[in-house]
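Chemist: Structure incoming, see below.
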Amino acid sequence: MAEHRQSRKRRYITWGVAGAAVLAGAGIAAQTSMAATTWPAQKTYTGRAFDACTAPSLAAMKAWKANGFYGAAAVYIGGRNRGCAQPNLTASWVKSVNAVGWKLIPLYVGAQPPCQTSSNPEKFTAATAASLGASNATDAVAKAAALGMKAGSPVYLDMEPYDITNKACNDAVLTYVRSFTKTLRAKTYRAGYYGFSSSSAKAIATATNRADLPGNLWYALWDKQNTTTADWPWDPKLYTNHSRGHQYMVNSKETRGGYTITVDRNAWDAPVALVG
């Protein structure tokens, strides 16, 4: 799955691409160090999580929770590049699934890189990266808040694969991501990032300048290993202290409690939404 839960027609288009300061090992501290800001305590979940293109029905969520295999679910809260309709994803749904014990992972499909080969409704350029990063983050916070995900919650920015050897494109991505991150933090939401270990996540993990990068990294590496440590591809001092997610399997059609859903599997050790 090259495009992370965007429209099914576009999900494989980019598969051909191979290719507050966050300091090493300081994910939580870096996100909560803004002067004169009182941050709510981070809510961390450690265990299996799934993501599905469309948030499942409440009945399906109750049945899957009773099954016990997963404890958290990622939901696509917004972004012009979000590929699936979300008829179930309402504030009432969030409250109800939270009440039965689900932990939720908010995911926002923001603007995408100018050198990305796929077609997306919204892309940034070098000139618009900073402004779009800020406006996308403002929208992400509004969407999260409307769903009942309170300040202190994370928002994970979805960045699809692109050619990170294209310096101009990569610089534009980093500008966009830093602007998105700074805007989230100014509104007291934690910054997370979803990307591919061969490209978009690698760009963040290996950036020399660590200023204003997200404090939580969710990496796609489809090796079927339910871990956030054994296959971590980068400096082991990065993104420690409950700041990692790992998407390790995709397009898994699973039936639990009588409900069949196609999901991606994740190993999770990172922030989840504050609800209530």
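The values are calculated or read from the model by the stated rules, or taken from the named source; none is laboratory data. Here the structure is a predicted model, which is why all the values come from computation and not from measurement. Note that each Cβ is placed from the backbone with ideal geometry, even for glycine, and that neighbours are counted across all protein chains shown. In case anyone asks, the SASA skips ligands and DNA or RNA and just uses the protein heavy atoms, side chains included. Shrake-Rupley method; radii C 1.70, N 1.55, O 1.52, S 1.80 Å.
Chemist: Output the residues belonging to the range 98-124 that are under 20 Å from residue 274 (Cβ atoms), within 19 Å of the chain's Cα centre (by Cα) and either crowded, with 24+ Cβ neighbours inside 10 Å or among the hydrophobic types (A, V, I, L, M, F, W, C) (or both).
Modeler: Step one: filter the range 98-124 for residues under 20 Å from residue 274 (Cβ atoms), giving 98-108.
If we keep only those that are within 19 Å of the chain's Cα centre (by Cα) too, we end up with 98, 102-108.
Matches in the range 98-124: 102, 104, 105, 106, 107, 108.
Chemist: Moving to a separate point now. Scan the range 218-230 and report the pairs whose first residue is over 20 Å from residue 161 (Cα atoms) and whose second residue is outside any loop (DSSP other than H, G, I, E, B) and open to solvent by 70 Å² or more (accessible area, probe 1.4 Å), with Cβ atoms within less than 7 Å and a gap of 6+ or a chain change.
Modeler: 226/48
Chemist: Next up: From the list 255, 240, 227, which one is farther than 24 Å from residue 66 by Cα, among the β-branched types (Val, Ile, Thr) and modelled with pLDDT of 95 or more? I'd like the intermediate steps shown before the answer.
Modeler: Working: 255 fails: farther than 24 Å from residue 66 by Cα; 227 fails: farther than 24 Å from residue 66 by Cα.
Selected residue: 240, the only one of 255, 240, 227 that is farther than 24 Å from residue 66 by Cα, among the β-branched types (Val, Ile, Thr) and modelled with pLDDT of 95 or more.
Chemist: Here is a follow-up. From the list 127, 140, pick out the single residue that is at pLDDT 95 or above and open to solvent by 30 Å² or more (accessible area, probe 1.4 Å).
Modeler: Values: 140 fails: open to solvent by 30 Å² or more (accessible area, probe 1.4 Å).
Unique residue meeting the criteria: 127.
Chemist: So, one more: Any residue at all in the range 218-235 that's among the small types (Gly, Ala, Ser) and under 30 Å from residue 40 (Cβ atoms)?
Modeler: Our first condition is that a residue be among the small types (Gly, Ala, Ser); within the range 218-235, this holds for 220, 230.
Among the residues that remain, those that are also under 30 Å from residue 40 (Cβ atoms) are: 220.
Yes.
Chemist: I want to confirm something. Restricting to the range 164-184 and keeping residues that are farther than 10 Å from residue 214 by Cβ and among the aliphatic types (A, V, I, L, M), which single residue is most open to solvent (accessible area, probe 1.4 Å)? Step through it out loud before you land on a result.
Modeler: Filtering the range 164-184 for residues farther than 10 Å from residue 214 by Cβ gives 164-176, 179, 182-183.
With the extra rule that they be among the aliphatic types (A, V, I, L, M), the set shrinks to 164, 168, 172-174.
On the way: 164: 35, 168: 72, 172: 5, 173: 0, 174: 21 Å².
Of everything passing the filter in the range 164-184, 168 is most open to solvent (accessible area, probe 1.4 Å).
Chemist: Next question. Can you find, within the range 225-276, the residue that is surrounded by the fewest Cβ atoms within 10 Å (Cβ to Cβ) among those that are among the hydrophobic types (A, V, I, L, M, F, W, C) and in a strand (DSSP E or B)?
Modeler: Within the range 225-276, the first condition is being among the hydrophobic types (A, V, I, L, M, F, W, C), and the residues that meet it are 230, 232, 234, 238, 249-250, 261, 263, 267-268, 270, 272-275.
With in a strand (DSSP E or B) added as a condition, the list becomes 249-250, 261, 263, 267-268, 270, 275.
Values: 249: 17, 250: 19, 261: 20, 263: 23, 267: 22, 268: 28, 270: 31, 275: 19.
Within the range 225-276, the match that is surrounded by the fewest Cβ atoms within 10 Å (Cβ to Cβ) is 249.
Chemist: Something else: For the range 71-91, does any single residue satisfy the condition of being more than 26 Å from residue 219 (Cβ to Cβ) and either in a helix (DSSP H, G or I) or open to solvent by less than 40 Å² (accessible area, probe 1.4 Å) (or both)? It would help to see each step written out before you state the result.
Modeler: Let us first name the residues in the range 71-91 that are more than 26 Å from residue 219 (Cβ to Cβ), namely 85, 87-88, 90-91.
Still in the running and either in a helix (DSSP H, G or I) or open to solvent by less than 40 Å² (accessible area, probe 1.4 Å) (or both): 91.
Taking every residue of the range 71-91 in turn, at least one turns out to be more than 26 Å from residue 219 (Cβ to Cβ) and either in a helix (DSSP H, G or I) or open to solvent by less than 40 Å² (accessible area, probe 1.4 Å) (or both).
Chemist: State whether one or more residues within the range 202-224 are open to solvent by less than 10 Å² (accessible area, probe 1.4 Å), modelled with pLDDT of 95 or more, in contact with a Pro (Cβ under 9 Å, 6 or more places away or on another chain) and of a type in the set (D, E, K, R).
Modeler: Checked the range 202-224: no residue is open to solvent by less than 10 Å² (accessible area, probe 1.4 Å), modelled with pLDDT of 95 or more, in contact with a Pro (Cβ under 9 Å, 6 or more places away or on another chain) and of a type in the set (D, E, K, R).
Chemist: Of the residues in the range 59-70, how many are open to solvent by 10 Å² or more (accessible area, probe 1.4 Å) and not small (Gly, Ala, Ser)?
Modeler: Step one: of the range 59-70, the residues open to solvent by 10 Å² or more (accessible area, probe 1.4 Å) are 59, 62-63, 65-69.
Going one step further and asking which of them are not small (Gly, Ala, Ser), we end up with 62, 65, 67, 69.
Counting residues in the range 59-70 that are open to solvent by 10 Å² or more (accessible area, probe 1.4 Å) and not small (Gly, Ala, Ser) gives 4.
Chemist: Right, next: Can you tell me which residue is least open to solvent (accessible area, probe 1.4 Å) among those in the range 37-58 that are of a type in the set (A, V, I, L, M) and within 15 Å of residue 101 (Cβ to Cβ)? Outline the logic, then answer.
Modeler: Of the residues in the range 37-58, the ones of a type in the set (A, V, I, L, M) are 41, 49, 52, 55, 58.
Among the residues that remain, those that are also within 15 Å of residue 101 (Cβ to Cβ) are: 49, 58.
Values: 49: 1, 58: 55 Å².
Filtering the range 37-58 for residues that are of a type in the set (A, V, I, L, M) and within 15 Å of residue 101 (Cβ to Cβ), the one least open to solvent (accessible area, probe 1.4 Å) comes out as 49.
Chemist: I'd like the residue in the range 92-102 that is in contact with a helix residue (DSSP H, G or I) (Cβ under 8 Å, 6 or more places away or on another chain) and not in a loop (DSSP other than H, G, I, E, B) and, out of all such residues, is farthest from residue 156 (Cα to Cα).
Modeler: Of all residues in the range 92-102, those in contact with a helix residue (DSSP H, G or I) (Cβ under 8 Å, 6 or more places away or on another chain) come to 93, 96-97, 100-102.
Going one step further and asking which of them are not in a loop (DSSP other than H, G, I, E, B), we end up with 93, 96-97.
Values: 93: 20, 96: 22, 97: 19 Å.
Only one residue tops the list, namely 96.
Chemist: In a loop (DSSP other than H, G, I, E, B), within 22 Å of residue 46 (Cβ to Cβ) and not acidic (Asp, Glu) - does that describe any residue in the range 164-182? It would help to see each step written out before you state the result.
Modeler: Kept after step one, since they are in a loop (DSSP other than H, G, I, E, B), are these residues of the range 164-182: 164-166.
Going one step further and asking which of them are within 22 Å of residue 46 (Cβ to Cβ), we end up with none.
No, every residue in the range 164-182 fails to be in a loop (DSSP other than H, G, I, E, B), within 22 Å of residue 46 (Cβ to Cβ) and not acidic (Asp, Glu).
Chemist: Within the range 185-201, take every residue that is open to solvent by less than 20 Å² (accessible area, probe 1.4 Å) and among the basic types (Lys, Arg) and give me the one that is farthest from the chain's Cα centre (by Cα). Don't jump to the end; show me each part of the working.
Modeler: We begin by selecting, within the range 185-201, every residue open to solvent by less than 20 Å² (accessible area, probe 1.4 Å); these are 185, 189-196, 199-201.
Adding the requirement that they be among the basic types (Lys, Arg) leaves 185, 190.
Values: 185: 15, 190: 11 Å.
Applying the filter and picking the extreme gives 185.
Chemist: Further, regarding this structure: Sort out which residues of the range 103-123 are assigned to a loop (DSSP other than H, G, I, E, B) and basic (Lys, Arg), and write them in order of number. Reasoning before the result, please.
Modeler: Of all residues in the range 103-123, those assigned to a loop (DSSP other than H, G, I, E, B) come to 109-111, 113-122.
If the condition is that a residue be assigned to a loop (DSSP other than H, G, I, E, B) and basic (Lys, Arg), then no residue fits.
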